[in-house]
Structure formats: C-alpha cells, structure tokens
Amino acid sequence: MKYIENNSNDPHYNLALEEYIFKNLDINEDYVILWINEPSIIVGKNQNTIEEINMDFVRKNNINVVRRITGGGAVYHDFGNLNFSIITKSGPLEKIDFKKYNIPIVNALKRIGIQCELSGRNDITINGKKFSGIAQSIIKGRVLNHGTLLFDSQLDVLTKALNVRAEKIESKGIKSVRKRVTNISPYMKEKITIFKFREILLNYIFEAEGQPVEIYSLTEDEKKGIQKLADEKYNTWDWNFGRSPEFNFKNYKKFDAGFVEVSLHAVDGKIQNIKIYGDFFGTEDIEKLENMLIGLKYDEYEVKERLKDVEINNFLGNISKDNFISCIFD
C-alpha cells in the first residue's frame with residue numbers, strides 16, 4: 001500500500017486525482033489518499049443534481065457542486081471534513097462490500113478513542129449519529145472505496161446546502177438532518193487540528209497493514225493527466241448537472257436499499273427518453289439500463305420481457321426488478 005499526498009482543496013482536481021489513480025496507476029498496488037475540499041457538495045453518480053441541492057443557497061455562498069463516479073447520496077465537504085480514498089483489488093466477486101473495505105477505517109478511529117460503528121447501508125455513526133458517508137465503485141478488478149469524515153464541519157451550512165428528502169429523515173425516526181449528523185472532534189479526549197487527525201489516521205491505516213507509511217510521488221505526466229481530466233470532465237456543467245430529459249412521467253419511490261426516481265418521455269406510446277436517478281449502489285453504468293428501455297412501448301409487459309434476463313442488481317444494487325418496474329408504471 002502507498003500513500004499519495006494531496007494538499008489541494010479544489011474538488012474538481014481532487015475527484016480527478018482519485019479517478020485517475022483508480023483507473024490508470026499500477027493495478028497490482030493499493031493506494032490511500034486523505035484529502036480536504038473547500039466548501040462543496042459532492043453528488044452521487046446517479047443523482048439528479050438540481051433536486052439534491054439548495055441552488056439559491058449554494059450560489060449565494062459560492063459552494064462548488066461536483067459529481068463523483070460512485071453511487072450513493074449527496075454529501076457536503078468543507079475545510080472541517082476529511083475525505084479518505086482507498087483503492088485496492090476487488091477480489092473475484094466484484095461486489096459492493098462496505099464492511100470489508102471500511103472496517104480498517106472504523107478500527108483506526110477506535111484506536112483514536114472514537115467509539116463508532118458501521119450503520120445502515122453505508123454510514124459510520126457515533127451514538128447513532130452519522131459522521132461518515134461511504135461510497136464505492138468497481139471497475140476491471142479494482143475497487144474505489146471512499147468516504148467523508150466530519151471532523152469539525154459547519155453542520156448548519158450542511159443542512160442548508162442539501163435538499164434531503166423527507167423520507168430519508170423520517171425513516172431514521174428523527175426530525176431534522178441537523179439532529180442526524182455530528183462531528184468527530186467533540187468526542188475526542190484531546191483537542192487536535194484536522195491535519196493532526198489526518199496524520200494519526202494515516203499512521204493507523206498503514207499500521208493495520210503491517211507496514212510503515214510509504215509515499216508514492218506522481219510523475220509530471222500523471223499530474224498533467226489529472227489536470228486534463230479535471231478540466232475536461234469535473235469542471236464541466238455537462239458532467240456535474242447533466243441535461244434532464246423532457247418528460248411526461250415522473251415517479252419516486254424509496255426502498256430499504258435506496259431510492260429510485262424515474263423521469264421518462266413517451267411519444268405515440270413509446271419511450272423516447274428516460275433517466276434513472278437515485279442513491280443506489282450498482283456496479284454497471286445506469287445509462288446501459290436506460291438505453292435498454294428506449295424505443296420500447298410504454299407497456300409493463302414489454303418492459304418486463306426486455307428485462308427478463310437482465311441482472312438488475314448490477315445496476316441498482318439490492319433494489320429488486322419488480323420494485324424498479326413499479327417505479328416506471330405505478
């Protein structure tokens with residue numbers, strides 16, 4: 001395992017760095033990055049950006065909005081939030097597995113005195129309050145596991161910047177987002193800076209691997225490749241907001257494994273355009289599923305026939321085929 005030091009606070013660059021390492025560096029090596037963004041909302045790969053953010057508040061407060069390559073929900077980053085990225089081999093099954101890749105983070109935090117646990121689908125909590133959201137992507141035998149660690153974030157800004165659906169809050173049995181989240185720093189015995197916290201966490205991660213911290217230095221060509229990716233992808237409106245289709249049908253449903261939102265446009269009884277949004281975790285690109293449905297009659301039997309042999313879990317995680325089809329027609 002090698003550590004890639006990154007002191008940039010630019011979310012466009014940082015997400016480009018993460019993707020570049022994930023897809024281009026030595027596939028036989030594991031990598032760790034610990035990084036901090038300036039105020040930003042990072043939306044999940046499959047989310048409808050406009051519906052996840054409070055646009056007026058975001059604009060007035062100059063908060064960046066950037067899409068990542070993993071599924072899951074939108075999260076808020078600022079200078080009080082530490083992000084971790086761990087890039088490793090995925091193993092033969094190539095399945096999303098939050099426990100396997102995040103137990104080392106939980107154990108490292110416990111070594112610091114933070115009594116926390118994995119909770120729900122993809123959270124780490126202290127006393128039932130969330131301080132970390134985790135997401136994953138798997139490509140060609142590699143897994144990107146990354147997450148947030150709210151250390152000393154501005155939680156009031158977080159609650160104003162995000163449009164969290166009421167169903168998410170109600171399912172937790174609480175009245176507000178603010179009551180659901182917490183920072184790590186109040187639970188620490190000794191007051192330290194986020195930079196000291198990063199150093200301690202890094203040492204424990206490598207200690208768990210039975211090795212000292214080893215730094216990988218990016219080459220000039222790799223740095224140019226990362227900047228190119230930042231400029232041509234992560235700094236573009238098309239990637240971060242995308243174009244929502246013209247639609248005459250829209251539906252939203254929440255399941256135990258996440259929510260699904262379907263917008264589609266039908267002309268003469270046939271599906272002309274469809275977008276599938278959500279905070280689900282799949283291993284295949286959702287556009288492949290969308291393309292399977294374009295041109296079909298807007299007919300439940302025809303859609304079921306088209307999807308009969310499709311492994312829907314590859315696209316939607318643990319959301320079932322019947323539940324997905326109900327989003328299109330109910």
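Suppose we keep only residues that are of a type in the set (A, V, I, L, M, F, W, C) and over 26 Å from His12 (Cα atoms) within segment 206-226. Which one would you say is modelled with the lowest pLDDT?
Ala208
I need the full set of residues from segment 135-161 which are more than 20 Å from Ile200 (Cβ to Cβ) and β-branched (Val, Ile, Thr), in order please.
Within segment 135-161, Ile138, Ile139, Val143, Val157, Thr159 meet the criteria.
Filter segment 77-101 for residues that are farther than 16 Å from Asn9 by Cβ and of a type in the set (Gly, Ala, Ser); which is least open to solvent (accessible area, probe 1.4 Å)?
Within segment 77-101, the match that is least open to solvent (accessible area, probe 1.4 Å) is Ser90.
Can you pull out the residues in segment 280-299 that are small (Gly, Ala, Ser) and within 23 Å of Lys140 (Cα to Cα)?
Correct list: Gly282 only.
Does Val58 qualify as being over 18 Å from the mean Cα position of the chain (by Cα) and either at pLDDT below 90 or not in a strand (DSSP E or B) (or both)? Outline the logic, then answer.
Details: over 18 Å from the mean Cα position of the chain (by Cα): yes; either at pLDDT below 90 or not in a strand (DSSP E or B) (or both): yes.
Against the criterion (over 18 Å from the mean Cα position of the chain (by Cα) and either at pLDDT below 90 or not in a strand (DSSP E or B) (or both)), Val58 qualifies.
Of the residues Asn314, Asn318, which is among the polar types (S, T, N, Q), surrounded by 13 or more Cβ atoms within 10 Å (Cβ to Cβ) and assigned to a loop (DSSP other than H, G, I, E, B)? Show your work before the answer.
Details: Asn314 fails: assigned to a loop (DSSP other than H, G, I, E, B).
Only one candidate qualifies: Asn318.
So Ala74 clears everything in (1) among the aliphatic types (A, V, I, L, M); (2) open to solvent by 30 Å² or more (accessible area, probe 1.4 Å); (3) closer than 21 Å to Val143 by Cα except one condition, right? Which one?
Every listed condition holds for Ala74 apart from (2).
Is it the case, given these coordinates, that Ile50 is modelled with pLDDT under 90 and among the aliphatic types (A, V, I, L, M)?
Yes, satisfied.
Does Ile274 satisfy the condition of being within 19 Å of Ile50 (Cβ to Cβ) and of a type in the set (A, V, I, L, M, F, W, C)? Don't jump to the end; show me each part of the working.
On the way: within 19 Å of Ile50 (Cβ to Cβ): yes; of a type in the set (A, V, I, L, M, F, W, C): yes.
So Ile274 passes the test.
Output the residues belonging to segment 228-247 that are assigned to a helix (DSSP H, G or I), open to solvent by less than 50 Å² (accessible area, probe 1.4 Å) and modelled with pLDDT under 95.
Asn240
Restricting attention to segment 248-301, which residues are open to solvent by 40 Å² or more (accessible area, probe 1.4 Å), assigned to a loop (DSSP other than H, G, I, E, B) and at negative phi?
Asn248, Asp256, Thr283, Glu284, Asp285, Ile294, Tyr298, Asp299
Return a yes/no flag: does segment 3-15 have any residue that is in contact with a Lys or Arg (Cβ under 8 Å, 6 or more places away or on another chain) and either open to solvent by 10 Å² or more (accessible area, probe 1.4 Å) or not basic (Lys, Arg) (or both). Reasoning before the result, please.
Filtering segment 3-15 for residues in contact with a Lys or Arg (Cβ under 8 Å, 6 or more places away or on another chain) gives 15.
Restricting the remaining residues to those that are either open to solvent by 10 Å² or more (accessible area, probe 1.4 Å) or not basic (Lys, Arg) (or both) gives 15.
Yes, that holds for at least one residue.
Please specify each residue of segment 52-66 satisfying the condition of being within 22 Å of Gln136 (Cα to Cα) and either β-branched (Val, Ile, Thr) or open to solvent by less than 20 Å² (accessible area, probe 1.4 Å) (or both).
If the condition is that a residue be within 22 Å of Gln136 (Cα to Cα) and either β-branched (Val, Ile, Thr) or open to solvent by less than 20 Å² (accessible area, probe 1.4 Å) (or both), then Glu52, Ile53, Val65, Val66 are the ones that fit.
State whether the residues of segment 210-223 include one that is among the β-branched types (Val, Ile, Thr), touching a residue at least 12 places away in the same chain (Cβ under 8 Å) and open to solvent by 40 Å² or more (accessible area, probe 1.4 Å).
yes
Any residue in segment 300-326 that is touching a residue at least 24 places away in the same chain (Cβ under 8 Å) and under 23 Å from Gln136 (Cα atoms) sitting within a Cβ distance under 7 Å of a residue that is surrounded by fewer than 17 Cβ atoms within 10 Å (Cβ to Cβ) and of a type outside the set (Lys, Arg)? List the pairs, counting only those 6 or more apart or interchain.
Cβ pairs passing all conditions: Asn314/Glu284; Phe315/Glu284.
For segment 286-296, does any single residue satisfy the condition of being farther than 19 Å from Ile271 by Cα and of a type in the set (D, E, K, R)?
Looking for residues that are farther than 19 Å from Ile271 by Cα and of a type in the set (D, E, K, R), one finds none in segment 286-296, hence no.
Within segment 289-317, which residues are touching a Phe, Trp or Tyr at 6+ places or on another chain (Cβ under 7 Å) and not acidic (Asp, Glu)? Step through it out loud before you land on a result.
Residues of segment 289-317 touching a Phe, Trp or Tyr at 6+ places or on another chain (Cβ under 7 Å): 289, 300, 312, 316-317.
Leu289, Ile312, Leu316, Gly317 - these are the residues of segment 289-317 that are touching a Phe, Trp or Tyr at 6+ places or on another chain (Cβ under 7 Å) and not acidic (Asp, Glu).
Taking segment 23-51 as the search range and keeping residues that are buried (at least 22 other Cβ atoms within 10 Å of the Cβ) and either among the aromatic types (Phe, Trp, Tyr) or closer than 28 Å to Ser263 by Cα (or both), which one is nearest to the chain's Cα centre (by Cα)?
Gly44
Mind listing just one residue for me: the one in segment 104-117 that is open to solvent by less than 60 Å² (accessible area, probe 1.4 Å) and not in a loop (DSSP other than H, G, I, E, B) and, of those, modelled with the lowest pLDDT?
Of everything passing the filter in segment 104-117, Pro104 is modelled with the lowest pLDDT.
The values are calculated or read from the model by the stated rules, or taken from the named source; none is laboratory data. Bear in mind that the values here come from a model prediction, so they are computed numbers and not experimental data. Here the Cβ is made from the backbone with ideal geometry for all residues, glycine too, and neighbour counts use every protein chain on show. All accessible areas refer to the heavy atoms of the entire protein, side chains included, with ligands and DNA or RNA removed. Shrake-Rupley method; radii C 1.70, N 1.55, O 1.52, S 1.80 Å.
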